[in-house]
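Read through the structure below, which is laid out as structure tokens, and then see the notes.
Throughout, read-outs are computed from the coordinates displayed, never taken from laboratory work. Just so it is clear, the structure is predicted and the values come from calculations on it, not from any experiment. Neighbour counts run over all protein chains shown; Cβ positions are idealised from the backbone, glycine included.
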Amino acid sequence: MKLGLDRRTGLEWFLTTWKSRDDPGIGEYSFRVEPSELPQFVLFKGSTRVGRIPAWLAQYNSSATSEATQQTLIFSGTYVNNSDEVYDFYTLTNALNVAALFVDELGNLKEAVWVGRWVECFLYPKDICDNYGRCGVYGYCDSVLNTGTEFECTCLPRYEPRSIDEWYLRDASGGCIRKREALSMCGNGEGFVKVANSKIPDTSKARVWMNLSMHECEEECLRNCSCLAYVSEAKGEGTRANCFTWHENLMDVRKYMERFPNGGLDLYVRVDAVELAQHMESRRTNGKMVAVVVTPVVLTSVLIITLICLLVKKNERRGKDIPESDDQNVELPIFDMLTIARATNNFSETNKIGEGGFGSVYKRPRASHHVNALSVDANALNVGDQVV
């Protein structure tokens with residue numbers, strides 16, 4: 001299956017909906033590629049955008065031709081973008097599978113596979129932030145915040161809601177405006193604040209710069225006073241890749257979700273000197289708070305470990321001070337049965353003192369009229385045995 005546009009002839013491959021489940025006529029929704037310097041796939045209701053998926057970005061590709069591949073459990077896709085055409089071409093990863101990619105009559109892009117019945121494995125839009133421009137121009141959407149108590153919309157750095165009242169009612173359609181319109185952002189100490197792991201803004205008016213490092217991409221945006229934001233695909237020092245810049249309204253920015261091609265990217269938004277200073281101060285404050293929290297935890301851990309070590313050493317010393325058992329240090333005399341019988345007058349009850357846990361206790365008269373006690377283990381009273 002092919003979705004895209006032949007730039008030479010204008011021939012287009014796109015998806016449309018039925019009018020209804022029972023009427024296969026062309027419906028009002030369509031899913032098609034929007035050609036530009038950085039193409040994207042747009043879900044339309046008539047001519048109105050209702051959803052947008054950025055095209056696959058060919059990382060580290062500095063040529064005029066971009067081609068990338070991506071594979072899922074169902075489809076293997078190839079993305080091509082050159083001077084002649086731009087398209088996505090999908091083939092089944094397993095030729096034995098039966099699968100379909102379509103837009104239903106309600107405007108949902110779906111992917112389904114047949115396993116004795118149709119099982120849906122992809123859906124777009126999936127959450128409220130998938131709706132195009134949910135938070136308006138210069139807004140930022142995070143569906144994780146949509147819990148019923150928090151509003152999913154905030155503004156990008158240096159911007160604030162156009163209407164506080166509308167945002168209080170959870171209506172962000174008016175978007176955001178600059179906080180300090182009068183403060184110049186052209187050679188006036190401005191800089192960039194990172195919005196990490198984002199779905200990049202609408203790319204219909206974005207510009208593409210090939211083979212630039214991260215620093216060169218930043219400089220390219222900074223030297224042009226109309227540049228509002230940039231994204232670089234360069235990873236780490238010394239690498240060069242595509243650079244994308246935006247010079248008009250930043251629309252449809254949201255927190256990255258796994259279903260978007262190529263993952264989230266870091267968006268760098270141009271801010272004035274005041275906003276930049278506030279951001280840097282906030283980072284320092286947050287760093288101090290982390291240090292304040294971490295330090296007691298570390299000290300507590302060290303104290304606990306120290307106490308454990310002291311207890312272990314104390315127990316080791318105590319073990320060394322414990323004398324060896326009587327069996328090892330005391331040489332007890334061993335008597336045979338006849339000797340014990342004589343000493344107890346044949347185990348006479350008159351000589352019996354009492355009984356303990358180890359047997360009966362007998363008195364043994366001595367020549368000096370002193371009396372010793374003798375304990376006899378009842379289990380040892382067998383003829384021929386020796387008793388201790």
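Annotations
- Peptides ranked, highest mean first, by Cβ atoms within 10 Å: ranges 85-97, 13-25: 85-97, 13-25
- Distance between segment 179-234 and segment 80-152 - C-alpha centres, whole angstrom: 28
- Judged by the ratio a/c of the largest to the smallest principal axis of the C-alpha gyration tensor, segment 216-278 counts as oblate, that ratio being 1.5 or greater while a/b is no larger than b/c.
- In terms of distances greater than 32 angstrom between alpha carbons, the cross-link table entries LYS45/LYS205; LYS2/LYS194; LYS110/LYS205 yield LYS2/LYS194.
- Ordering of 176-189, 122-135 by packing [mean C-beta count within 10 Å, highest first]: 122-135, 176-189
- Applying the Karplus relation 6.51 cos²θ - 1.76 cosθ + 1.60 with θ = phi - 60° to segment 271-281 yields 3J(HN,Hα) values of 10, 6, 4, 5, 4, 5, 5, 5, 5, 5, 5 Hz, where x marks Gly and Pro.
- The tail of the calculated P(r) for segment 1-125 beyond 24 Å holds 31 percent of all Cα-Cα pairs.
- Of the trypsin sites (Lys or Arg not before Pro) in segment 204-234, those whose Cβ has at most 15 other Cβ within 10 Å and which sit in DSSP loop: LYS205, ARG223
- Percentage of interatomic Cα-Cα distances in segment 121-237 larger than 18 Å: 60
- Cβ-based net charge around THR9, under 15 Å, with every Lys or Arg adding one and every Asp or Glu removing one: -1
- Exposure proxy order (Cβ contacts within 10 Å, fewest to most) of HIS279, HIS247, HIS215: HIS215, HIS247, HIS279
- Percent of alpha-carbon pairs separated by more than 15 Å within segment 135-204: 60
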